[in-house]
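Working notes, structure below.
The values are calculated or read from the model by the stated rules, or taken from the named source; none is laboratory data. Everything numeric here is computed off the predicted structure, so don't read it as measured data. Positions of Cβ are generated from backbone atoms using ideal geometry, with glycine treated the same way; all protein chains shown enter the neighbour counts.
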Amino acid sequence: MDIAFSLPGPFSLADIGALIWLFAAWLGIGWITEHPPKNRPSVSVLMKDYRREWMRHFITRDPRIFDANILTSLREGTAFFASACMIAVGGGLALIGNTDQIAGVARQFDLEQVPALKWEIKIVVVLFFVANALLRFVWSHRLFGYCAVMMASVPNDESDPRALPAALQAAEINITAARSFNSGLRCVYFALAALGWLAGPLGLFLTVGYVLFISWRREFASNSRRVILHSVPESPGMIAGQSKGHEPRD
């Protein structure tokens, strides 16, 4: 006697499993990136010390045009991705109302006949990540603006007792903005991975696995990380008054 187990709605157990894999991978890589093992920090964590070191040098730099240019480039990057996400959200919403084109492409590749509702839900999942990325990029852009104002309030005199605390405050805002920007990028990566669901649950499993591997490698095993580790600011002699073994904190 054959017993068939079916779920309510248009999705199978494979679809549900692939969707859980998508969100688990997204949340997991985000958590491990921001809370890595102490003996293997991620690129995102390592860059926090560079940002603090930047603000320490900023105190005595005169003029400060160089720092303003760096901050402008950071804000331009967040603005670019925010604009791209807004366009993607608009395109996705337009596609929800016209899923016949996707169904036509699926038929050309001999994929199974899929109800329109299933296509729409798959697109909504992609839009979730894109919209989340948009919100994070917008917030990052605003935080970099706050950082610019705080940097402008830092005295240009190393002997001023307000200089270092104010610079470190600006550094923490800069770090928070960068964390939001990195989180937005991860959402973009997994929005692309979610597109694999259009090819079925197996497609989603494969694209999520690939994006997860790429995200892990760039944070923990890339050549860029090896270069950054070569001379991190927390090394002896890099930061005056800072003890060896300093661990960056949020």
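Summary table
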read-out: Test: residue in region 201-208 that is modelled with pLDDT of 95 or more and surrounded by fewer than 17 Cβ atoms within 10 Å (Cβ to Cβ); value: yes
read-out: Any pair with Cβ under 7 angstrom, 6 or more apart, that starts in region 41-65 at a residue that is farther than 15 Å from Ala152 by Cβ and ends at one that is of a type in the set (Ser, Thr, Tyr) and crowded, with 19+ Cβ neighbours inside 10 Å; value: Ser42/Thr33; Ser44/Thr33
read-out: Selection from region 125-147 of residues that are surrounded by fewer than 22 Cβ atoms within 10 Å (Cβ to Cβ), of a type in the set (Gly, Ala, Ser) and either without any contact (Cβ under 8 Å) to a residue 40 or more places away in the chain or farther than 16 Å from Leu22 by Cβ (or both); value: Gly145
read-out: Every residue from region 66-85 that is of a type in the set (Asp, Glu) and without any contact (Cβ under 8 Å) to a residue 12 or more places away in the chain; value: Glu76
read-out: Of all residues making up region 63-99, the number that are under 23 Å from Leu198 (Cβ atoms) and in a loop (DSSP other than H, G, I, E, B); value: 3
read-out: Which listed residue, of Ala178, Ala193, Ala167, is surrounded by 18 or more Cβ atoms within 10 Å (Cβ to Cβ), farther than 30 Å from Ile121 by Cβ and modelled with pLDDT of 95 or more; value: Ala178
